[in-house]
Ligand SMILES: [Zn+2]
């Protein structure tokens, strides 16, 4: 994208974290696919939640009192983020759900005896990002490798992701620029974007 051509990336030497990176905003955000169901097991004892605006095809955290998206009159949605491990890839990451699905998971907690260790399958009904998301409880025994896995400090991971990526978008909204349609500022950038 054009505007990035003048930026000068900084390259550092050694094992330190790059400038501006606190190591918490690099978590994978999983997205449901339409091609096949993905299985996840929850690693956290409780999700975290935030208020989000759906803006230009993505979810943006509400910035609170001075939020430019509230000022535009956009509604807010309750969003819930869970730390999970995906069975197939064995990757640990974050999964965000809307309130309806979060409440399904809350219902399943009773039969699971808690949130951690609860497994479910998600799948999109069709390819478009906004198409229906199906969640199903999985009662099969979970793979052994999952038992000792720990998720990240959820609040810290989510706050960090938003600080780094949403602030950029919000400043664009404030200054009246048009946000890029794809790519650089989505908190979901690490994963397949079309899912
Ligand atoms: Zn807002």
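Among the residues of the stretch 45-58, is any in contact with a helix residue (DSSP H, G or I) (Cβ under 9 Å, 6 or more places away or on another chain) and either part of a helix (DSSP H, G or I) or closer than 22 Å to residue 140 by Cβ (or both)? Before the answer, list the steps.
Initially, the stretch 45-58 is screened for residues in contact with a helix residue (DSSP H, G or I) (Cβ under 9 Å, 6 or more places away or on another chain), giving 46-51, 53, 55-56, 58.
Pick out the ones that are also either part of a helix (DSSP H, G or I) or closer than 22 Å to residue 140 by Cβ (or both) and you get none.
Taking every residue of the stretch 45-58 in turn, none turns out to be in contact with a helix residue (DSSP H, G or I) (Cβ under 9 Å, 6 or more places away or on another chain) and either part of a helix (DSSP H, G or I) or closer than 22 Å to residue 140 by Cβ (or both).
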Checking 159, 121, 150 in turn, the sole residue that is part of a helix (DSSP H, G or I) and within 22 Å of residue 28 (Cβ to Cβ) turns out to be 159
Across (1) more than 17 Å from residue 158 (Cα to Cα); (2) within 16 Å of the ligand (Cβ to nearest atom), residue 130 clears everything bar (2)
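Any idea how many residues of the stretch 16-31 are within 27 Å of residue 135 (Cα to Cα) and either assigned to a loop (DSSP other than H, G, I, E, B) or within 16 Å of the ligand (Cβ to nearest atom) (or both)?
Initially, the stretch 16-31 is screened for residues within 27 Å of residue 135 (Cα to Cα), giving 25-31.
Narrowing further to those that are either assigned to a loop (DSSP other than H, G, I, E, B) or within 16 Å of the ligand (Cβ to nearest atom) (or both): 25-27, 31.
Summing the residues that are within 27 Å of residue 135 (Cα to Cα) and either assigned to a loop (DSSP other than H, G, I, E, B) or within 16 Å of the ligand (Cβ to nearest atom) (or both) in the stretch 16-31 gives 4.
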A careful count of residues in the stretch 39-85 that are farther than 26 Å from residue 150 by Cβ and more than 16 Å from the ligand (Cβ to nearest atom) gives 1
If we keep only residues of the stretch 32-43 that are in a loop (DSSP other than H, G, I, E, B) and surrounded by 19 or more Cβ atoms within 10 Å (Cβ to Cβ), then the residue modelled with the highest pLDDT is 43
With respect to residue 88, determine if the residue is outside any strand (DSSP E or B), more than 9 Å from the ligand (Cβ to nearest atom) and touching a residue at least 24 places away in the same chain (Cβ under 8 Å).
yes
A careful count of residues in the stretch 104-118 that are within 20 Å of the chain's Cα centre (by Cα) and not in a helix (DSSP H, G or I) gives 4
So, first residue without any contact (Cβ under 8 Å) to a residue 12 or more places away in the chain and closer than 14 Å to residue 171 by Cα in the stretch 51-79, second residue near the ligand (Cβ under 7 Å from one of its atoms) and not in a loop (DSSP other than H, G, I, E, B), Cβ within less than 6 Å, six or more apart or across chains; the pairs are none
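The values are calculated or read from the model by the stated rules, or taken from the named source; none is laboratory data. Everything numeric here is computed off the predicted structure, so don't read it as measured data. Don't worry about glycine lacking a Cβ; one is built from the backbone with ideal geometry, like all the others, and counts go over all protein chains shown.
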